[in-house]
Amino acid sequence: MKELYIKKFWNEENILFYLHSQDDIIVRQIEIQGVRKVCLDEKTPSQDGYSLADVTLSALEIESPVYITEEEFNAVWKNETNVVFIPEGDIFKLAYVTSYAHGCNCAGAMGKGIALQFKERFPQMYEEYKLLCKKNQFVLGDVLIYPKAKGFVYNLATQQDWRTMADLKAIKQALVKMLEHASVADVRMIALPKIGAGLGGLDWECVRLAIQQVSSQYPNVRLFVVESYQHSLL
């Protein structure tokens, strides 16, 4: 029996689907949108308008499928993880998400990558960040929390400057501080890019595991990690 496990994010609906097929027949399906998660299988009756795909996997004609392991699928199915990894998209366009995070250097520069998008979207935040860096008050492992309408922006100090690699220990420390604050402030969802492994130079699988390990201690906060950021117009 041939079994496949696939995840796919549909930008139009802002829904992340996980599909489990056996010999091309879909037998389990997970839909995640915001805080809502629906798990369906061939034995589960339709509830609230949600139903298991009644076509074969090949008939869905999924473009650019992301094949995952059985272990990853089951972890999501059993609610053993509160981190949703989205293959590609714009973190600022995810439905229901109003708080965001990204990795920063401690030198006051947001001139490349998604950091530039944060700088352009939140100019006052950037000025505060730059001033802290100038005073040497933003160091590895720190978090600059910037309140905004309906949420927060979490600036995670993950690397010393733009010439050095990100620091995995600093990433973990900053994540803990962010999630501690989010738990107290009743922030249910935070979207962030693939921190530390782009311009930061770290191995993504190591950072990915660290994110999962840290976030598992804060089950009330769901993280949406966009692994390939696609820029949208402001």
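Just so you know, all these numbers are worked out from the coordinates, no wet-lab data involved. As the structure is a computational prediction, the values presented were derived from the model and not from experiment. Positions of Cβ are backbone-derived with ideal geometry, glycine not excepted, and every protein chain shown enters the neighbour counts.
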Grab the other residues whose beta carbon is less than 14 angstrom from that of Asp161, score K and R as +1, D and E as -1, and report the net. +3
Filtered trypsin sites (Lys or Arg not before Pro), region 100-170: DSSP coil and at most 14 other beta carbons within 10 Å: Lys112, Lys135, Lys150, Arg163
Do any of Lys7/Lys177; Lys112/Lys148; Lys148/Lys194; Lys112/Lys177; Lys119/Lys169 go past 27 Å between their Cα atoms, and which? Lys7/Lys177
Rounded to the nearest 500, what is the chain's calculated 222 nm mean residue ellipticity when only DSSP H runs of at least 4 contribute -39500 (n - 2.57) each, over all residues? -8000 deg cm²/dmol
Inter-site label distance for Glu63 and Gln160 at 7 Å from Cα along Cβ, in nm: 4.4
In what sequence, highest mean first, do 51-59, 11-19 appear when ranked by Cβ atoms within 10 angstrom? 11-19, 51-59
Suppose every K and R has +1 on its Cβ and every D and E has -1 on its Cβ; what is the size of the dipole of region 91-226 about the Cα centre, in Debye to the nearest 20? 240
The summed charge of the Gln230 Cβ neighbourhood (under 12 Å; Lys/Arg +1, Asp/Glu -1) stands at -2
Please report the Cα spread of region 34-132 along all three principal axes, rounded to whole Å, starting with the longest. 58, 27, 24
Within the set of other residues whose C-beta is less than 13 Å from the C-beta of Lys93, count the net charge using Lys and Arg as +1 and Asp and Glu as -1. -3
Treating the beta-carbon of each Lys and Arg as +1 and of each Asp and Glu as -1, no other charges, what is the dipole magnitude of the chain about its Cα centre, to the nearest 20 debye? 1200
Expressed as a rounded percentage, what relative contact order does the chain have, with Cα pairs under 8 Å and six or more residues apart? 20
Beta bridge orientation in region 91-226: antiparallel %, DSSP, nearest 5: 35
Looking only at aspartates and glutamates whose Cα falls under 13 Å of Lys150's and that sit 8 or more positions away or on another chain, we get Asp186
Tell me the relative contact order for region 3-79 as a rounded percent, counting alpha carbon contacts under 8 Å between residues six or more apart. 29
Whole-Hz Karplus couplings 3J(HN,Hα) for region 109-126, θ = phi - 60° and coefficients 6.51, -1.76, 1.60, Gly and Pro as x, run 10, 10, x, 9, x, 5, 4, 5, 5, 5, 4, 6, 6, 10, x, 5, 4, 4
What FRET efficiency would be calculated for the residue pair Glu80, Lys135, taking the C-beta separation as r and a Förster radius of 35 Å, to the nearest 0.05? 0.25
Projecting each Cα onto the charge dipole of region 108-216 (Lys/Arg +1, Asp/Glu -1 at the beta carbon, about the Cα centre), which of Gln160, Leu179, Tyr129 comes out farthest on the positive side? Tyr129
Starting from the Cα gyration tensor of the chain, multiply each eigenvalue by 5, take the square root, and state the resulting semi-axes largest first in whole Å. 35, 17, 16
